[in-house]
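Accompanying notes for the structure given below.
The values are calculated or read from the model by the stated rules, or taken from the named source; none is laboratory data. These figures come from a predicted structure and were not determined experimentally. Every residue, glycine among them, receives a Cβ derived from its backbone with ideal geometry; neighbour counts consider all protein chains shown.
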Amino acid sequence: MSRVSIIFCLILVHFLNNCLFSGNALHALRSRFKDPTNVLQSWDPTLVNPCTWFHVTCDSNNHVIRLDLGNSNISGTLGPELGQLQHLQYLELYMNDISGKIPKELGNLKSLVSMDMYQNKLEGEIPKSFANLKSLKFLRLNNNKLTGSIPRELTTLSDLKVFDVSNNGLCGTIPVDGPFRSFPMESFENNKLNGPELQGLVPYDFGC
Amino acid sequence: MVLPNLKISLVIFSLFFLILFPVLDFPLIVYSDSTEEVHALLKWKTSLQNHDKGSLLPSWTLNNATKISPCAWFGIHCNHVGRVNSINLTNVGLKGTLHDFSFSSFPHLAYLDLQVNQIFGIIPPQIGNISKLKYLDLSSNSFSGTIPPQIGNLSMLKFLYLSANQFSGRIPPQIGHLSYIEALHLFKNQLSGPIPHEVGGLSSLNELALTSNFLKGSIPPSLGNLTNLAILYLHNNSLSGSIPSEIGNLKSLSSLALGNNKLCGSIPLFLGNLTNLDTLYLRNNSFSSSIPSEIGNLKSLSILELGENRLNGSIPLSLGNLTNLDTLYLYTNSLSGSIPSEIGNLKSLSGLELADNELSSSIPHYLGNLTNLAAFYLYKNSLSGSIPSEIGNLKSLSNLDLSENKLSGSIPHSLGNLTNLAILYLHSNTLLGSIPREIGNLKSLFELQLGDNKLSNSISHSLGNLTHMTLLALYDNALSGVIPEELGNLVKLTMLTLSDNQLQGSIPNLRNLTNLIRLRLNRNHLTCNISESFGIHPKLTFIDLSHNNFYGQISSDWGKCPNLGTFDVSVNNIIGSLPPEIGDSSQLHVIDLSANHIIGKIPSEIGKLSSLIKLILRRNQLFGQLPSELGSLIQLEYLDLSSNRLSNSIPRSLGNLVKLHYLNLSTNQFIQEIPIKLEKLIHLSELDLSHNFLGKEIPSQICNMRSLEMLNLSHNNLSDFIPRCFEEMNGLLYIDISYNELHGPIPNSTAFSDALMEALQGNEGLCGDIKGFQSCKASKSHKPASRKIWVVIVFPLLGTVALLISLIALFFIFRRRKNALQTLQSSPRGTRGFLSVLTFEGKIVYEEIIRQRMVLMMSTALEKVDKEVYTKLIYLLEKSLQSRNFIRHSQVR
C-alpha cells in the first residue's frame, strides 16, 4: 500500500516538476512562511524567473542554485514543493523558527551540496529519501526536535563530509559505515542515541 | 421603554389565554392565535441586536388598535383568515439568532425568507414544527452548527436555501424525506462527509447545488434517479472516484459542474446524450481520457471547461458543431495534435483557452472567423508556423497570448487592427523581422511582451503612442538602433525590459517615468551619460544597466530612489568615486558596480547600508584602507572587492559578516596577516585572498570556517608551516596555496592530495607524499648543500634511535620543562615581523624542522606505550612549540 502511494507521489512530483517553474515552488514556500521582517518582499511571482529575487541565486541557465534564508526571523513550515528545485545546491535555512516535518521531497534535490537547517523547530524523522542526495557534503540538522532513528540509508552518501544532528530527540544507534566512520561524537551529542551500532550483531533499536 | 411594556402585556396575555382558552369559541381562537403570532414575532424582535434603536422593523409594534394583528407589519403576509403565512425579511440588517423564534407559533407559515442578514447560531431543531413550510431561505447569513435532521420533517418543503453560511458537519440523510423538494442549495458552507445517497430519492429535484464545501467520497449513483434535475453543482469539493454512469440518465440536465474536485477516470461518452446541457464544467480534476467526440452532440452547450486535467489525445473535430459555445477552456492538459480548423465555426466563442498542452502544427487561419473572441490563449504549446494574419480580424480581442511556442515568421501587421487589445504576449517564440509599426495603433494596450524571440531592426517610434502601457518587455531579441525618444512618454510604465539586444546610442530621457518599478537595459551597446537620463524614481525597486557603455558618474540622486533594492551598473565605463551619499540608500540590497573605472576610497558611509546582501565592486580602481564599517553590513551574503588597489590590512570587522558565503579580496594590495577573526565566517563556501601581500603564517583558526569548500591563498607572502588542522576540514574541496613561502609537511587531506601541482608550487620546502614533492620522511629540503648534509646524517640517526631518544626526552622534559619553555619563548621566532622570513636565518627554520621531526618520531614510538604519559608528553611538547598545531588532535583524543 505504502509502496503504491510512494510511486504515486513520485509520479505526481514528476508531473509537478514538468509543469511548475522554480518560481512557483519558491512562491509556494513563501506562502507557508511567516516573515515579520519582510525578508521575502522581493519575491514577485510575476517575474519570468526568480533569479532577481533577494536571497535566491541562479546559475547562468537561470536555475536556482542557492536559497539563503539563514537567521531571517522566518517561521512556518516547509512544503513538498521545495523538492522541485532540482538544481538547488545550497539550502540555507539555519537559525529560524521553522516547525513541522522535513518534507521527504527534499530527497529529490539531486544537486544539493549543503543543507543547513540547524536551530529551528523541525520535528518528525530525518527522511530516508535523503539517501538520494548523492552530492550532499554538509548536512546540519542540529538543535531541532527531530525524533526517530538516523536512517541507515545515509551511510551510502559517500560525499558527506560534515554531519551534525546534535541536540535533537533522535534514538537508536549511530551508523558506523560509509562517511559515518569519520564524524566526531559531538555531531551526535544530546540525543537519546544508544551509541554506535555494533557491527556483526543484529542492530538493536530499543527505545526507538 | 418597549421591553417592560412588552413583558407586562405578554404576562397579561398569557394569563388571559390560559384562563379563557377552554371556554372560548372559534372566532376568539383565531383572534388569540393571531395574538400568539404577534407576540412570537415581538419576542423574537426583542431578542435581536439593535432592536431598541427604533430603526429595526419599526412597524413591528403594538399600538392602541383594538385588533392586534401582524398582517400589516413589514415583511409579514397573512392568509384569508388573518394567519401569518409568509415572512420575508430579506436584507434588512437582522443581527441575532433564531433561538427566540417560536416556530410552533406559526402553523400556517409557508414562506420564510431571511436571506442576506447577519443571523448567527444554529437552526433550532423546532424548525421541524412548521409543517406547512414550502419555502425556506436562510442563505447569506452566519448560521453555524449542523443542519438539524428535523429539516426532514418539513414534508411540504419545495425550496431549501441554506447557502453561504458556516454550516458544518454532514448533510443529514433525513433530507431524503423532502419528497416535494425542487431546489436544494447548500453551497458555500463547511459541510463535510459524503453526499447522502438519500438525495437520489428526491424525485422532484430540479436544482441541487452543493458547491464549495468539503464534501468527500464519490458521487452517489442514486443521483441518476433525479430525472427532473436541471442543475447539478458539485464543484469546489473533494469528491473522488469517477462520474457514475447513472448521470447519463439525467436527460433534463442543463448544467453539470463537477470542477475543482478529485475526480478521475474518463470523461464518459454518455455525456453526449445529455443534449440539454448548456454548461459542462469539469476543470481541475484528474480526468485522464481523451475528449469524447460525442461532446460535439451537445448543441446547446455554451460553456465547456475541461482545463487542468490530464486529458490526452487530440481535440475532437466535432467540437466545431457546438455553435452556441461561448467559452472553450481546454488549458493545462496533455492534448496533442493540431487545433482543428472546425473551431473556426464557433462564431459565438468569446473565450478560447487551449494553453499549456502539447498542441503542434500551425494556428489555423479559420480562427480569424471568431469575431466575438475576447480572450485567446494558446501559450505553452508546440505550435509552429507563422501567426496567421487573419488574427487581425478578431476585432473583439482584448487578451492575446501565443507565448512559449515555436512560432516563426514575422508578427503580422494586421495585429494593428485589434484596437481593443489590452494584453499582447508573443514572447518565447522564434519570431523574426521587425516589430510592426502598426502595434502603435493598439491604443488600449496595457502589456506588450515580445521578449525571447529573434526580432530585429529598430524599435518603432509608434510604440510611444501606447500611453496606457504599464509593461513593455522586448528582452532577448536582436533589436538594434536607438531606443526611441518617445518611450519617455509612456508615463504609466512600471516595467521596461529591453535587455539582451543590440541597442545603441543614448537612452531616452526617462525622468518622467515616475511609475517605473523595474528597468532592465542590460546587455546592449548603449552609450550615454548615466547621470543625465534618470531622475528620482520613487517606485523603482530594480535597475540593471550592466554590460553597456554607460559613462559618467554615479549620481547621488540614486540615493533618493527610496525603494531601490537592486542597483547593477556593472561592466560599463562609469568614472568618479563612490559618493558618500550612497549610505543614505538604506534599502539597497544588491549593489554591483564591477568592471568600471571607479576610483578613490570606499566611503565609510557604506556601513550604513544595513540591508545589503550583495556588494560587488570587482575590477575598479578603488584604493586605500577598507573601512572597518564594512563589518556593520551583517546581512551581507556575497562580497567581492577583488581586482582593485585596496591596501593596508584586512579589517578584522569582516569577521562580523557571518552570513557571507562568498568573500573575494583577491588581486589587491592587502598587507599584514590574515585576521584571525575571519574564523567566525562559518557559512563561507568560498574564500579568495590570492594575489595580495598577506604575510605571516596561515592562522590555524581558518580551519574553523566549517563550510569552506574553496580556499585560494596563492600569490601572497604567507610563511611557516601549513596548519595541520586542514586535515579536519572535511568539506574543503579545492585549495590553492601556490607562490607563498610555506614549508614543512603538506597536510594529509583530499583537498591537498587532489590539488594540481599548480596549486601547491612556488613554495620553498614543502614536503609530503604527493607527486612532485619530496617525502617528508626523506625530507631533502631545498636548503643549501651544507644543511642537506646535516639532515642526511641526523635523520637516519634519529630514526634508528627513536625509542631511546624519546625515553630520554621524556625524562628531560619533565625536569627541565620551565627552562625549555623560557628558552623557546625568547627565541627570535617570536619577534619576527612582516616579510621578516626573507631575512630570517635559515638555521632557525632548520632547527624548527628538526624539533618537529623529533616530536613526530617520538609520538609514533610512544603511541603504543602508556597513553597517559604519552598524552602528557605531547601536551608539553606541543605547548613548547607554541600552538604549532603539529600533532593530530584526533591522535590525542
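Considered as a group, the residues in the stretch B:741-764 that are in contact with a Phe, Trp or Tyr (Cβ under 6 Å, 6 or more places away or on another chain) and over 28 Å from A:Phe163 (Cβ atoms) include one that is surrounded by the fewest Cβ atoms within 10 Å (Cβ to Cβ), and that residue is B:Gly762.
Does B:Gly272 fit the bill of being at pLDDT below 95 and out of contact with any His (no Cβ under 9 Å at 6 or more places or on another chain)? Explain how you work it out, then say what you get.
Values: at pLDDT below 95: yes; out of contact with any His (no Cβ under 9 Å at 6 or more places or on another chain): yes.
Yes.
Given the criteria surrounded by 20 or more Cβ atoms within 10 Å (Cβ to Cβ), within 22 Å of A:Asp116 (Cβ to Cβ) and either in contact with a helix residue (DSSP H, G or I) (Cβ under 8 Å, 6 or more places away or on another chain) or away from every other protein chain (no Cβ under 13 Å) (or both), does B:Ile650 qualify?
No: the conditions fail for B:Ile650.
Scanning the stretch A:148-186 for residues that are over 16 Å from A:Pro127 (Cα atoms), surrounded by fewer than 19 Cβ atoms within 10 Å (Cβ to Cβ) and away from chain B (no Cβ under 14 Å) returns A:Asn167, A:Val176, A:Asp177. Pull up the stretch B:590-610, narrow it to residues that are free of Cβ contacts under 8 Å to residues at least 40 places away in the same chain and within 30 Å of the chain's Cα centre (by Cα), then point me to the one that is nearest to the other protein chains (Cβ to nearest Cβ). Ranking the candidates gives B:Val590 first. Annotation: of all residues in the stretch A:35-50 being more than 11 Å from chain B (Cβ to nearest Cβ) and surrounded by 14 or more Cβ atoms within 10 Å (Cβ to Cβ), the one that is modelled with the lowest pLDDT is A:Pro45. Sub-8 Å Cβ pairs linking a first residue in the stretch A:84-97 that is at positive phi to a second residue that is among the hydroxyl-bearing types (Ser, Thr, Tyr) and not in a strand (DSSP E or B), at least 6 apart or interchain, are A:Met95/A:Tyr118, ordered by first then second residue.
Of everything in the stretch B:222-244, what is in a strand (DSSP E or B) and farther than 18 Å from B:Glu182 by Cβ? Give them in sequence order.
First, pick out the residues of the stretch B:222-244 that are in a strand (DSSP E or B): B:231-233, B:240-241.
Selection gives B:Ser240, B:Gly241.
Residues in the stretch B:628-659 that are of a type outside the set (S, T, N, Q) and farther than 29 Å from A:Leu67 by Cα: B:Arg645, B:Leu646.
Yes or no: the stretch A:63-70 includes at least one residue that is farther than 25 Å from B:Ser611 by Cβ, touching a Gly at 6+ places or on another chain (Cβ under 9 Å) and away from chain B (no Cβ under 14 Å). Checking the stretch A:63-70: not a single residue is farther than 25 Å from B:Ser611 by Cβ, touching a Gly at 6+ places or on another chain (Cβ under 9 Å) and away from chain B (no Cβ under 14 Å). Scanning the stretch A:58-94 for residues that are under 16 Å from B:Tyr638 (Cα atoms) and among the acidic types (Asp, Glu) yields A:Asp59, A:Asp68, A:Glu92. Taking first residues from the stretch B:527-544 that are within 14 Å of chain A (Cβ to nearest Cβ) and partners that are acidic (Asp, Glu), the Cβ contacts under 9 Å between residues at least 6 apart in sequence or on separate chains come to B:Thr541/A:Asp44; B:Phe542/B:Asp568; B:Ile543/B:Asp568; B:Asp544/B:Asp568; B:Asp544/B:Asp592.
Out of the residues in the stretch B:317-363 meeting the condition of being crowded, with 20+ Cβ neighbours inside 10 Å and of a type in the set (Asp, Glu), tell me which one is nearest to the other protein chains (Cβ to nearest Cβ).
Taking the stretch B:317-363 first, the residues crowded, with 20+ Cβ neighbours inside 10 Å are B:319, B:322, B:325, B:328-333, B:335, B:339, B:343, B:346, B:349, B:352-357, B:359, B:363.
This time we only want the ones that are of a type in the set (Asp, Glu), so: B:353, B:356.
On the way: B:Glu353: 16, B:Asp356: 7 Å.
Ranking the qualifying residues of the stretch B:317-363, first place goes to B:Asp356.
Filter the stretch B:692-711 for residues that are among the hydrophobic types (A, V, I, L, M, F, W, C), within 14 Å of another protein chain (Cβ to nearest Cβ) and part of a loop (DSSP other than H, G, I, E, B) and give the result. Within the stretch B:692-711, B:Met705, B:Leu708 qualify. Would a scan of the stretch B:86-109 turn up a residue that is modelled with pLDDT under 90 and farther than 21 Å from B:Ser140 by Cα? Within the stretch B:86-109, none of the residues are modelled with pLDDT under 90 and farther than 21 Å from B:Ser140 by Cα. For the stretch B:187-202, the tally of residues that are crowded, with 17+ Cβ neighbours inside 10 Å and part of a loop (DSSP other than H, G, I, E, B) stands at 6.
Every listed requirement among (1) within 14 Å of chain A (Cβ to nearest Cβ); (2) out of contact with any helix residue (DSSP H, G or I) (no Cβ under 7 Å at 6 or more places or on another chain); (3) not β-branched (Val, Ile, Thr) is met by B:Asn656 save one, (2). The condition (being in contact (Cβ under 8 Å) with a residue 24 or more places away in the chain, out of contact with any Lys or Arg (no Cβ under 6 Å at 6 or more places or on another chain) and either surrounded by fewer than 20 Cβ atoms within 10 Å (Cβ to Cβ) or outside any loop (DSSP other than H, G, I, E, B) (or both)) is satisfied by just one residue among B:Leu184, B:Leu205: B:Leu184.
In the set B:Ser714, B:Ser738, only one residue is touching a helix residue (DSSP H, G or I) at 6+ places or on another chain (Cβ under 6 Å), over 28 Å from A:Asp116 (Cβ atoms) and either surrounded by 21 or more Cβ atoms within 10 Å (Cβ to Cβ) or within 14 Å of chain A (Cβ to nearest Cβ) (or both); that residue is B:Ser738. From the list B:Leu660, B:Leu711, the lone residue that is in contact (Cβ under 8 Å) with a residue 24 or more places away in the chain, within 34 Å of the chain's Cα centre (by Cα), within 25 Å of B:Ile616 (Cβ to Cβ) and outside the structural domain of B:Ser749 (by the TED database) is B:Leu660. The criterion of at least 1 residues that are surrounded by fewer than 17 Cβ atoms within 10 Å (Cβ to Cβ) is met by the following strands (runs of 3 or more DSSP E) wholly inside the stretch B:90-181: B:118-121, B:142-145, B:166-170. Does B:Gln672 fit the bill of being surrounded by fewer than 20 Cβ atoms within 10 Å (Cβ to Cβ), more than 41 Å from the chain's Cα centre (by Cα) and either within 14 Å of another protein chain (Cβ to nearest Cβ) or not aliphatic (A, V, I, L, M) (or both)? So B:Gln672 passes the test.
Output the residues belonging to the stretch A:112-132 that are within 14 Å of chain B (Cβ to nearest Cβ) and more than 8 Å from the chain's Cα centre (by Cα). Step through it out loud before you land on a result.
Step one: list which residues in the stretch A:112-132 are within 14 Å of chain B (Cβ to nearest Cβ), which gives A:112-119.
Once the filter is applied, which keeps residues that are within 14 Å of chain B (Cβ to nearest Cβ) and more than 8 Å from the chain's Cα centre (by Cα), the stretch A:112-132 yields A:Leu112, A:Val113, A:Ser114, A:Tyr118, A:Gln119.
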